[in-house]
Each structure stands twice: as structure tokens, then as C-alpha cells.
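Data block below; observations after.
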Amino acid sequence: MNDQPRFVDNGDGTIQDNKTGLAWAKKDSFQIAGDWVNFQEALQLIDQLNKKDYLGFHDWRMPEKEEIAELYNPEFKLNARSNKEIHISDLFEPGCGIGSWCLPFDQQAAFYFEFQGGNAQHYDQDFTQGYVRPVRLWPDD
């Protein structure tokens, strides 16, 4: 039996997920860049974060659909933008977006996961009111 909590605030702007071995940015793209992003802008933002060694790391990426779905838990409550209730750990920064772009994608559409109901849907890549939550692998010590 594992006594570690599922999520741990690392104190460096990341949240460690002990179930998946991933480290999530505590803030999402809206909190980092101050604006919504379409899918291509989300990819560009991740690239910019890596070039700037965001939070001291240069291996950020967009999450896979299955990875972002692991954050959702109907028992969790966090106030997102516009006081909307979403269902991810309250260790994440309040005031974030209600969802995240995620992989996979094709030429026209990409998956978007929303944290209010836990649904992943195909959205046109030019949907402009999106967010992305950067993720990276948590290194084994």
C-alpha cells in the first residue's frame, strides 16, 4: 500500500502526480501567457516555454488525452476562470481555464479535455478559446 498522496506541490511551480509519474505545470496557458490559445498557438507556447527553460525545465509538452483525463476527479473542486467549478486537485492554481488541448490531432481537429464534466471532444484546431496545461515526465531519482 502506497502512503504517498496522489498529488504533491513540489514548491517549484510544478505538481507531481505520483500515480502517473508526470509533473504538471501548476499554471495553465492562460495564467502563463494571459490569453486563450487555439491548438497551433498552444503548440507554439509549449515550444516557447522550452526555449525559456520555464520553471527550470526544457522538456515541456502537450499532454496526451489519456494523461490529461487522469487529472479529472469528480470529488476534486477548484475554482477556474469566471468562478466555474472544475474537478482537478486544488493544488493547481485557481483561476485557470476549464480545460486543455491534448494529443492526438489531425490536420483539422484536436482533442480538448474539459475539467467540468471530464469529457474529451474533437474541436477544430482554430477554436480560439482554449487552454493548455504543460506536462513533463518526472525524473526517477
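Percent relative contact order of the chain, based on C-alpha pairs within less than 8 angstrom and at least six residues apart?
Value for the chain: 28 percent.
In whole Hz, with x marking every Gly and Pro, tabulate ³J(HN,Hα) for the stretch 115-132 from phi via Karplus 6.51 cos²θ - 1.76 cosθ + 1.60, θ = phi - 60°.
Once rounded to whole Hz, the list reads 8, 7, x, x, 10, 10, 10, 7, 10, 4, 4, 8, 4, 8, 10, x, 9, 9.
Expressed in nm to one decimal, what extension gain is obtained for the pair ASP90 and ARG6 from 0.36 nm per residue of sequence separation less their Cα-Cα distance?
That works out to 29.0 nm of additional length.
Assuming 0.36 nm per residue, please report the length gained on full extension of the stretch ASP53 to ARG81 beyond their Cα-Cα distance.
7.5 nm
Using the Cα centre as the reference, give the magnitude of the dipole from point charges on the C-beta atoms of the chain (Lys, Arg: +1; Asp, Glu: -1; all else neutral), rounded to the nearest 20 debye.
260 debye
Project the alpha carbons of the chain onto their principal axes and report the range along each, largest first, in whole Å.
44, 34, 25
Say the dipole of the stretch 37-127 comes from +1 at the beta carbon of Lys and Arg and -1 at that of Asp and Glu; which of ASN119, CYS102, PHE57 then lies farthest toward its positive end?
PHE57
TRP101: net charge of surrounding residues, Cβ under 13 Å, Lys/Arg +1, Asp/Glu -1, itself excluded?
-4
Readers should treat all values here as calculations from the given coordinates under stated rules, not as data from a laboratory. What you see is a predicted model, and the numbers here were worked out from it, not measured in a lab. Heads up, the Cβs are rebuilt from the backbone with ideal geometry, glycines too, and the neighbour counts pull from every protein chain shown.
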